[in-house]
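A short write-up of the structure that comes next.
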Amino acid sequence: MNAVEIEEAVSELAERPFDPAEFPYQFLAAFGNKDTTIKRLRTGSTNASDLPGGVLQRSNIHIAVAAHGAVTQTLAGLRTSPATAKAKPRFILATDGDGFEAEELESGETVACAYADFPNRFGFFLPLAGITTVKQVRESSFDIRATSRLNRLYVELLKDNPDWGTADRRPDMNHFMARLIFCFFAEDTDIFNGEGLFTATIEQMSARDSSNTHEVIGELFRAMNTPIAQRAIAKLPRWADVFPYVNGGLFSGSPAVPRFSRIARSYLLHIGGLDWRKINPDIFGSMIQAVADDDERGALGMHYTSVPNILKVLNPLFLDDLRARLEEAGDNSRMLLNLRRRMARIRVFDPACGSGNFLVIAYKEMRAIEAEINKRRGEADRASEIPLTNFRGIELRDFPAEVARLALIIAEYQADVLYRGQKLALAEFLPLNKENWITCGNALRLDWLSICPPTGTGVKHHADDLFHTPLDQPQIDFENEGGETYICGNPPYLGNTWQTVEQKADIRSVVNGRTSSAGFLDYVAGWFIKAADYIANAGGAASFVSTNSICQGQSVPILWPILYSAGCDILFAYTSFKWANLASYNAGVTVAVVGIGAPRNALRRLYEHREDGHVVLREGASITPYLTVGARVIVEKSNNPISALGIMEFGNKPSDGGHLLLSRDELNAIGLTNAQRDRFIRCIYGSQDFINGGLRFCIWIEDKNLDEAQQIPALHERIEAVRALRLASPDKGARTILAKRPHQLKLMRIGSSHAIVVPSVSSERRPYLPAGIVDAHTTLTNLAFALYDAPLWNLALIASRLHLVWITTVCGQLETRIRYSNTLGWNTFPVPTLTEKNKADLTRCAEDILLAREAHFPATIADLYDPDDMPADLRDAHERNDEVLERIYIGRHFRNDTERLEKLFELYTKMTAGAGSAKKRKVGAA
DNA sequence: CATCCGACATCGT
DNA sequence: ACGATGTCGGATG
């Protein structure tokens, strides 16, 4: 169950009459426990409670229903109960149907409220449903409830008004929902004249059978679209006339209201009953966008960015600097004033704004800073000088664009209440500003300069000064009206395989000929390039949360030369971390945060995500496009080794739907003679098979043996199955060429004595690459690379620490897995010229490694290279190998991986300088 | 024709 | 449900 489903179940439970005997089970059921789990608790077999009527689910919760008025005592009893001590539940809970008290034992955090209100605190218990509680979840109970209710209303309305669900009318529907949300918020915050006025009016004035609900709402909306001066001729009913003029675009446009069924009407009244003061515009906004999105409704908020991750973008982009300036200014009135003036001219632009949560967070953080300035200057009541119109966005989908605008309005009101008080906040709130700062459209096709224009005369104040103005010139006057622009956001990521035809065309139009390989770029790259182009014209800086692959492998030599030649450099970055937010089902992607802008003197900041979850800040003069500290280097893929190394080939791609591959059982089942096996069967390894010691076989028929093979029914059958599959493939090559030789893998490479094997994907936790050798009877799938019949010293190189460092840096990755590549990693690996003696030494080292492995037969490669449990003799063999190889590089052991990488990049640059193609490898002036 | 990638895919616990 | 860790075949130039 996701949070919304739990909320529904919990709300429903609270509305039912209280049943003391059933409550504990109903409560557990509402949090997603299965029937069988509950049955076992009922029969007592898993119920560890020692209290009468108590229910204790081990390591989860101890619940007891209290005698009337005895909730507090019962909770105390739960706290001290021996069973609680023994079964270590996370929560204890007591209720009598009137009062409700609960405690999380480890933190001591408690909830005490009326029974009917406990659904408002359901976020507290979400760990029961296995939903990891970041602190934020607890604080967003309201947002989840509101989202869930609106979701139900939305679906119900579409059911009653099918025409509103068509592509044409969806914007109307979405606009209608935005108006409703505004009204719910306004009626609970005194923006409307009387608490709950909107909901109450609808309840009173619309018939119970719901027949005229839409007319009543229509009149209210009409009132909010009618300036007070025109009210007389508008002939509004008296009950509508008491509503203020709101507009600002929100109530203009189509006045239509969908028809309400009785159910829809009751949902509406129900939603109005929530306390909308508690709304968090950032969180709510990100959840609500799922309401109007058929695809996202199930996944609920899978793609919205959590607040901590938004701050990874905004803090280093400009907020850290503003705070540093505030600190610097102390109580110096003039410096504070300058900072305030500067902030009033800062524009924040999110060209993939969704429901606007980056903009809302940026706005709130800036208001906090401004409030501190005003406090220090003794002007606490002062109206904000930060215009909402400086927060701009582009959003493709209609509904989120509506919500983004609303979220900003709500954020402004809440900030005014917080810093200036309710009275002043109200006085200036209505009518809403008419300007719409959120553009609905395709960000890669729109002109960013016209959406977020660099107004005013000059934009001379650019990135150089932003972070580190020397202390002695704090009184810079920000005369340029242009101010600073910061571009931020979390644009969509889509690898080339997943892009639609339109999206591919979008990317190409942005790239506009600057690379011939635009087809390989991720969709998100479009935002980086547009941002770089914007910055080239208008200054500023940009930072996005992005799939980490734009800083890996083949993307680097395609994307980064474009960004560099547009005049940008990496100013800061967060290295890869796994995408996560509060959604119960997270998108499966690993992201990085990358900030770009015009080069400046200040140190670059690299925030490294370590394996233990800590973030370590490293500073340096420059950050590489691979997100390491160091001089800019771009590694181009190469079709043959730049050093004198063996030739590494891609494995044999089956493209067979599994028909040419056999497990041991399948092989036995087709019953070949030994001679036939010898002729038609080979062992085959992919990454998995090689690392974990699986054994698979493949049908291996050389053309000269085809007739004989066809005589064997089992082989014939499989060959025909492959033919059919290849003929049906969307890939032209598969249909035309491969289908003509269905008895074979796409390639038929095999060693005549042995082959050195490198798995193409493998875990990043191992201390060395899990490479090795296979015999002449074994071949490889496309999930492994091979050096057929190559001298063993090649293996010594592959198995070295140096090579691992190189590969993990310059090759692509699968999330953070190691993804080997011959063209990007092996062919580019810089190795000094090896003497015969060197090769003999390295061969010896490789043999020792293989012997050490053999001593542990039948341990698999995965066993042998377990990062926590690697055998000492194998480790020693690798140490010696590293020692021998590193002496060849620099005459001694490297001190650490940083030094290794530095040396490798240096050598690579030297070896590729001026060689072959004119393509620049060291780009621009670092 | 060779190969790099995946807002992933699939396993085991 | 979550952590660990690698399949498979399309799209590309």
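The values are calculated or read from the model by the stated rules, or taken from the named source; none is laboratory data. Computed from a prediction, not measured in an experiment: that's the story for all the values here. So basically every Cβ, Gly included, is an ideal-geometry build from the backbone, and we count neighbours across all protein chains shown.
Among the residues of region A:536-579, those identified as part of a helix (DSSP H, G or I) and either among the hydroxyl-bearing types (Ser, Thr, Tyr) or closer than 16 Å to residue A:630 by Cα (or both) are A:549, A:551, A:555, A:556, A:560, A:564, A:565.
Taking each residue of region A:779-806 that is farther than 28 Å from residue A:654 by Cβ and assigned by TED's automatic domain parsing to the domain that holds residue A:879 and looking for partners that are aromatic (Phe, Trp, Tyr) and within 15 Å of DNA strand B (Cβ to nearest atom) with beta-carbon atoms closer than 6 Å, six or more apart or interchain, yields A:806/A:829. The numbered conditions (1) modelled with pLDDT of 85 or more; (2) surrounded by fewer than 21 Cβ atoms within 10 Å (Cβ to Cβ); (3) of a type in the set (Val, Ile, Thr) are all true for residue A:438 except (2). Under the condition of being part of a helix (DSSP H, G or I) and crowded, with 20+ Cβ neighbours inside 10 Å, the residues counted in region A:220-231 number 4.
Condition test on residue A:877, is it modelled with pLDDT under 95 and of a type in the set (A, V, I, L, M, F, W, C)?
On the way: modelled with pLDDT under 95: no; of a type in the set (A, V, I, L, M, F, W, C): yes.
So residue A:877 does not fit the description; no.
Within region A:600-610, the set of residues being part of a loop (DSSP other than H, G, I, E, B), without any contact (Cβ under 8 Å) to a residue 60 or more places away in the chain and either within 17 Å of residue A:314 (Cα to Cα) or more than 16 Å from DNA strand C (Cβ to nearest atom) (or both) comprises just one member, A:603.
Filtering region A:66-87 down to residues that are in a loop (DSSP other than H, G, I, E, B) and surrounded by 14 or more Cβ atoms within 10 Å (Cβ to Cβ), which residue is farthest from the chain's Cα centre (by Cα)? Looking at the filtered set, the residue picked out is A:70. Of all residues assigned to region A:482-503, at least one qualifies as being modelled with pLDDT under 95, more than 16 Å from DNA strand C (Cβ to nearest atom) and of a type in the set (Gly, Ala, Ser). For region A:154-190, filtered to residues that are surrounded by 19 or more Cβ atoms within 10 Å (Cβ to Cβ) and part of a loop (DSSP other than H, G, I, E, B), the residue that is modelled with the lowest pLDDT is A:189.
Would you tally the residues in region A:585-623 being surrounded by fewer than 20 Cβ atoms within 10 Å (Cβ to Cβ) and either modelled with pLDDT under 90 or among the hydrophobic types (A, V, I, L, M, F, W, C) (or both)? Number of matching residues: 17.
Starting from residues that are part of a helix (DSSP H, G or I) and at pLDDT below 85, keep the ones in region A:279-322 and report whichever is nearest to residue A:486 (Cα to Cα). Looking at residues that are part of a helix (DSSP H, G or I) and at pLDDT below 85, I get A:282. Right, residue A:729: within 12 Å of DNA strand C (Cβ to nearest atom) and either over 40 Å from the mean Cα position of the chain (by Cα) or not charged (D, E, K, R) (or both) or not? Criteria met by residue A:729.
For region A:690-702, how many residues are in contact (Cβ under 8 Å) with a residue 40 or more places away in the chain and within 15 Å of DNA strand B (Cβ to nearest atom)? Outline the logic, then answer.
Of region A:690-702, the ones in contact (Cβ under 8 Å) with a residue 40 or more places away in the chain are A:690-693, A:698-702.
If we keep only those that are within 15 Å of DNA strand B (Cβ to nearest atom) as well, we get A:691-693.
Of the residues in that region, 3 qualify.
Report those helices (runs of 4 or more DSSP H) wholly inside region A:657-774 carrying at least 2 residues which are loosely packed, with under 14 Cβ neighbours inside 10 Å and on the phi < 0 side of the Ramachandran plot. Walk me through it before giving the result.
Values: elements: A:664-669, A:674-680, A:687-692, A:706-710, A:713-727, A:732-736.
Result: A:664-669, A:674-680, A:706-710, A:713-727, A:732-736.
Figure legend. Inter-residue proximity from region A:335-346: first residues of a type outside the set (A, V, I, L, M), second residues in a helix (DSSP H, G or I), beta-carbon distance below 7 Å, spacing 6+ or different chains. Indicated pairs: A:340/A:370; A:340/A:373. Every test in (1) within 25 Å of residue A:743 (Cα to Cα); (2) more than 13 Å from DNA strand B (Cβ to nearest atom); (3) among the polar types (S, T, N, Q) is passed by residue A:655 save one, and that test is (2).
Which residues, counting only those in region A:553-593, are within 23 Å of residue A:620 (Cα to Cα) and within 14 Å of DNA strand C (Cβ to nearest atom)? Show your work before the answer.
We begin by selecting, within region A:553-593, every residue within 23 Å of residue A:620 (Cα to Cα); these are A:553, A:556-557, A:559-577, A:591-593.
Matches in region A:553-593: A:553, A:557, A:559, A:562, A:576, A:577.
Going by the conditions given, is residue A:644 among the aliphatic types (A, V, I, L, M), modelled with pLDDT of 95 or more and more than 15 Å from DNA strand B (Cβ to nearest atom)?
Details: among the aliphatic types (A, V, I, L, M): yes; modelled with pLDDT of 95 or more: yes; more than 15 Å from DNA strand B (Cβ to nearest atom): yes.
Considered against the rule, which asks whether it is among the aliphatic types (A, V, I, L, M), modelled with pLDDT of 95 or more and more than 15 Å from DNA strand B (Cβ to nearest atom), residue A:644 comes out as yes.
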